[in-house]
Every structure is written in structure tokens, then in C-alpha cells.
1. Spin-label point model (7 Å from Cα, Cβ direction): what's the ILE211 to LYS55 distance in nm?
2. Rounding to the nearest 20 debye, state how big the charge dipole of the chain is about its Cα centre with +1 on each Lys and Arg Cβ and -1 on each Asp and Glu Cβ.
3. Looking at the range 229-292, which trypsin sites (Lys or Arg not before Pro) are DSSP coil and have at most 11 other C-beta atoms within 10 Å of their C-beta?
4. Just to be sure I understand: with springs between alpha-carbon atoms less than 10 Å apart, which residue in SER268, SER52, SER158 has the highest mean-square fluctuation in the Gaussian network model of the chain?
5. Need the C-alpha centroid separation for the range 45-79 versus the range 303-336, integer Å.
6. Scanning the chain for helices, which whole DSSP H stretches are 30 Å or more long along the axis (Cα) and average -0.5 or more by Kyte-Doolittle?
7. Would you work out which of ILE275, ASN140, VAL370 lies farthest towards the positive end of the dipole of the chain, given +1 charges on the beta-carbon of Lys and Arg and -1 on that of Asp and Glu, about the Cα centre?
8. Report the paramagnetic label zone for ARG223: residues of the range 325-362 whose backbone N is under 17 Å from a point 7 Å from Cα along the Cα-to-Cβ axis.
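The values are calculated or read from the model by the stated rules, or taken from the named source; none is laboratory data. Nothing here was measured: the structure is a model prediction, and the numbers come from that model. In this analysis, Cβ positions are derived from the backbone assuming ideal geometry, glycine residues included, and neighbour counts consider all displayed protein chains. Heads up: the accessible areas ignore ligands, DNA and RNA and are worked out on the full protein's heavy atoms, side chains in. Shrake-Rupley method; radii C 1.70, N 1.55, O 1.52, S 1.80 Å.
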Amino acid sequence: MAPQSRDPTHLRQYFEYLAGSTLFMHALKTRSDLDVNLLAFGDDPGLAKDASHLKPLATKNPGLVPESLKGALSEYSLQRHRKRNVARSEKQTIAKALGLHATPLTAQSLAATGIIKVVIRDRSDDTSFKWGTLLVDRGNEDLVDSGNTALSVPVDESWYVIEPDESIIFIDSNGLVSLAVLRGRCSQRPDLLTYVNDRKGVRPTHGGELIQFGWNAGPRHARVFGLVNNLTNKRLSMTARQQKDSRALGILALSWNLLVASLPAEVSTSCIEAIDGAGLPSMTIKGDSSDSGYTLDLPNGPLCFSTAERAPSEGYMSQNYESPIHTDQLYAPYAMNWVTLHSIVDPDQCQLHGDRSSGGNYVDVSLRVVVKCATDTVMSMQPKFKHGTTLAREGVCRQGTAINFSRHIKKAFDEAIAIEGDVKAMVTQLAEEKK
């Protein structure tokens, strides 16, 4: 708390000092944040700790405030108030456009909207599709190097191919959701897709990146629960690192809230129950031990969702990622992802002709389903069953975000908390410790 003073002479000197400070008056004029340095009284702490304290201090002592400061401070407060109102309205607009405050609908309720199909389909127990086998779309067999084994999909007419404009939910004969694919959930706010896809310093056709954020279990040979450190550029300042981490934190929080609001309630509810049961902390970054709130640094100004829910502990951002047939062991029944971009950026390099396709499609092998990749697609899947992605052609850019619930990360967390005892204390220590 800034020191208080009831001495009129001292207050007058403080106000006159601020009025004569070029830096302070410029900050008022440009509507900048007033930090403690700007509010300082020379080499001493200021009599106001922030802008919200300075305004009432000046209002209560109008006769002591120079007219130049009085007018500038009044205009500053008015414009800041208007700015907050604009930001509040914009956040409400985003929440409404994306349905972030809506109660998730069940699969049958989504089907009742008339734009989403529900199909009953059970998984196959076919064991001929081996783990590690490459996947390739029919017509794209030229992408398979000589000597590699690949499965061309769809294998036959029993397979289901989800077209780029098709929203569909598969449920099994017991009524459980197996796979959900919903298109265009961010169609009213394409600017958000542009923001999410703005990967500075990354070439659109750069191949095979899957970057983890949040908490992890460390390398395989030395399992230790802690925060991911994926910024390897040692020349980055701490401020630049925090800005990059904060951006990723915001993008993954937006992704999580969109996914939970959009996907069938059966999916969202079961994952939230698994998260609560696991006890893992929410996603955070170095220097920030909070468990809620995020910022989207949009072109028209940053929007701070100060009380909004953050993503769970483990998230990913991908570009042109491909994977052969595999399975993943999760502590939740589903994983979720949001395809934010699928674009042919170089038609000449892509060489689409005949029955060729761009590739990069998700394949649920045991369900016998191929999901054609398309911009703005939210999905939930069951990774404990065999799945993968088809090989993609060059000249194609695919980007997305994903929320996962890896069992080995939970195991590392359980082992760490058995030693530390207090989750909050451990999270605070890990988030605040220096590299």
C-alpha cells in the first residue's frame, strides 16, 4: 500500500510533481497503465498506488490539484472507463458467438438441431491393422516410400468417410459416444481463427510439429512432474518468454472452453469428472501460479477473461502433424482437438489431380472412419483405440490445438504429490521457480 498523507502541503507538492512530469502526463495522454514508477514522488514512493487510487485522492482534494493535471486525469479516467466497457462488450460478443456460456447439449439434442447427424456404429475387433502402420488416403499411395507398409483408407465400402462440410456423432449400440466431429463452431468469429493460427516465425509448410504446453512428466528416463519448457531460444528475454507462454495459455484456454461448450454433453461431462478425480492442476506458465483467467492479445487490444476457466493440465499446438496407427493411454475417456486451419498454400507443390487428395486426415481405425480435414472442426475421440492420421501432401498447411489426458503425466503427478503433500504449495513453487 502506498503511504498516506493528510498534510495539504505534501499533497500539493505531490500533485505538482506529477503535473510537471513529462513521462506521467504522456502516460495520461496515451491512456497507458500507471505503474508504481510513474506514480513515484521523486525517489520516494508515490502517495497513490495506482490510477484507481489517484483519481479519488485528487477528487477529495480539488483545490490542491493543478488544472493541467485535473483535466488530464479526468479525461484519462473517462477514456479508460469507455475502454473497459468496450472490452466487456467484446468479451460478451465472443462468448455468445462461440456459445461459451451455453449448457452443452447431449448427442440426441445436437441431432435434434437438424444440422448434426447421429449414427449408431460399433467398433471392429479386426486385429490385422498393426500398430505403427502408415495411413494413406486412396489415391495418395505415391506418398509411401518404397519398403514402408501402409494401409490405404477407406479400406472398402464398409468404411465411413466424413466429408469436410459434414457434422456427425457416432455412438455405439450401448449409447456411448465414440467419435464426434462438428464443423464451423467458430464461423461467426473468423478473426479468432486468424489469431489462433498466427504462429510467428513458423513457415506454413514446415512439417511435423506437435508442441506441448502446461504440465508434463519429464523425459522417459527421468520422470519428474513439472512445467513444460519448450522455448529453446536462450536469447529470449524473460519478458518475451512470458509473452509467448501467455499467448499459448490464452489460445489453449479458448480452445478448451470452445470444445467443452460445443461437443456432446456426454463427452464434456465425463472428461470434467475425470479431471476432478485426477486432481491435476490447471494449465499455467512460469511466473503465474493462478488457476483461472487468460488473455487474448487481439489486434484491437487485449481481452482479459480474468475469471474464466483455463485449460486442463496438458495441451498441444500442432502443425502438419502426422502419425501412424497407434493408441494412447489416458485417464479420461476422450481426447479433444480443434482443427483451426486446413489450407492448400501451394497448389503447384501439392499436385492435386486425378483421385489425389491433400491428406492429413484423422482415421479411427477400429471404428472404420476417415475424417476429412477441414478448417474449424472440433472433435472428440477415444485414443485408447487404434487411430492415426494419413500422410499429407506438400504445399498443405494444417494447424490445430488439442487437449489430452495422458496417464503417465497423472502418474508423475501422483508420485510428486505423495512426496510434497500440498498441491497448491507444489504448483506455486514449480510455477514461480526460476529456470
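1. Label-label distance for ILE211 and LYS55, simple model: 3.8 nm.
2. Around 1340 debye, computed over the chain.
3. For trypsin sites (Lys or Arg not before Pro) across the range 229-292 that sit outside H, G, I, E and B with at most 11 neighbouring Cβ atoms in 10 Å, the list reads LYS234, ARG235.
4. SER52
5. For the range 45-79 versus the range 303-336, the Cα centre distance is 47 Å.
6. On the way: long enough: 67-98 (47 Å, -1.01); 238-262 (35 Å, 0.22).
Span-like helices in the chain: 238-262.
7. ILE275
8. Those under the cut-off are 328-332.
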